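Down below is the structure, laid out as structure tokens.
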Amino acid sequence: MNQKKLKGQLPAGSLQQANLELWRSAGYKIGVKERSLFPTIDDPELDLILVRPQEIPRYVAEGKADFGITGSDCIAECECEDRVVEMAELVFSKVSRKPTRWVLAVSQDSPIQGLQDLNGTSIDAEFVTMTNRWLSARGIQATVRYSWGATEVKPGRFCDAIVESTETGESLMRNGLRIVAEVMQSTPRFIANPVSFADPWKREKMEDIVLMLQGALAAEGKACLTMHVREENLETILPIIPALRSPTVSRLASEGWFSLTAIIDEMVVRVIIPKLKRAGAEGIIESPISKLIM
């Protein structure tokens, strides 16, 4: 009997490594051999392939894959918003955990100061459809041309402005550009083919994957603190702990003692542990967590 398979497309290129690391954090043993576009994974029900994220929305919409991970910018560029099911937002990237910003930028000495100056200009962009939709919504008439790359060198030389992606804006500044307007913010999304989403087995399988990926993202920057506290010190210690929710308090076998467990931000651990110790907490243990299921 043939084993059921769920076909998935993962992003190749700049998001590839960050995405694979997310899957590993979620508990999957996943890897890609050199020069291969077919990831190996320790789940025989998954059939994965690496595809450029710009194409994933279209392939998922056409049913060539059950699910894919791609940017909301790519979904907009393919005009697939109504042709795929967006199951989750997964905020990861190659640099930070912040959204990618698509911005309209010009050279520092450009006469373009605002949107009112864009009429009649030439704009180079990788995402032409998205840019044209943004301009049209604002009543701006400009010529938008596809850029094959090295877009940041073009303003003032080959075009009047560009629409380019940035996370920090540092590259734009280094290349002598300034931002005039933000076109959109983009984050990775887990999308599904509507027919696949309607299939009970495929939907449950995809929901399980989403749950684990979101759990891995939620655990980033978090730690688990456990400690023993005497009953008379509880009222002093509980306000010190900035827990994600109220700390778990369990009575110990020893009379008058309690165990406290809390999920907190890693950055505050070094600040509050000395306070907890001074307030009477004992046996304080910090443990890393790989997944946090809310």
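Readers should treat all values here as calculations from the given coordinates under stated rules, not as data from a laboratory. In this text the structure is predicted, and so the values were computed from the model without any measurement. Here the Cβ is made from the backbone with ideal geometry for all residues, glycine too, and neighbour counts use every protein chain on show.
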### Exposure proxy ranking, count of Cβ atoms within 10 Å, fewest first, for MET267, MET87, MET227
MET267, MET87, MET227
### Message
For a test of the definition: using alpha carbon positions, the gyration tensor, and the 1.5 limit on a/c, classify region 156-294 as rounded, prolate or oblate.
### Response
oblate
### Task
Tell me, for the chain, which Cys residues have no other cysteine's C-beta sitting closer than 4.7 Å.
CYS74, CYS159, CYS224
### Task
Provide the FRET efficiency to the nearest 0.05 for the GLU89-ALA253 pair, computing r from the beta carbons and using R0 = 51 Å.
0.70
### Query
Among 74-83, 38-47, what's the highest-first ranking by average C-beta atoms within 10 angstrom per residue?
74-83, 38-47
### Query
Which whole-number percent is the relative contact order of the chain (Cα, under 8 Å, 6+ apart)?
19 percent
### Query
Among residues other than VAL183 whose Cβ falls under 13 Å from its Cβ, what is the net charge (Lys/Arg +1, Asp/Glu -1)?
-2
### Query
Magnitude of the Cβ-charge dipole of the chain, K/R +1 and D/E -1, about the Cα centre, nearest 20 debye?
360 debye
### Cα centre as origin, Lys/Arg/Asp/Glu Cβ charges: region 100-185 dipole, Debye
160 debye
### Query
Restricting to lysine pairs 8 or more places apart or on different chains, what number in region 1-133 have Cα atoms under 21 Å apart?
9
### Message
Can you tell me how region 100-185 classifies by the Cα gyration tensor, rounded, prolate or oblate, using a/c under 1.5 as the rounded cut?
### Response
rounded
### Span from the region 19-52 Cα centroid across to the region 86-162 one, whole angstrom
32 Å
### Cα convex hull of the chain - mean projected area over all directions, nm²
21.7 nm²
#### Entry: Alpha-carbon centroid distance for the pair region 262-279 / region 176-253, whole angstrom
20 Å
### Query
When ranked by the protection proxy of mean other Cβ atoms within 10 Å per residue, highest first, what sequence do the peptides 113-125, 152-164 form?
152-164, 113-125
### Query
Given the chain, what percent of its DSSP beta bridges are antiparallel, to the nearest 5?
70 percent
### Message
Take ASP42 and ARG230, extend 7 Å from each Cα along the Cα→Cβ direction, and tell me the distance between the two endpoints in nm.
### Response
4.6 nm
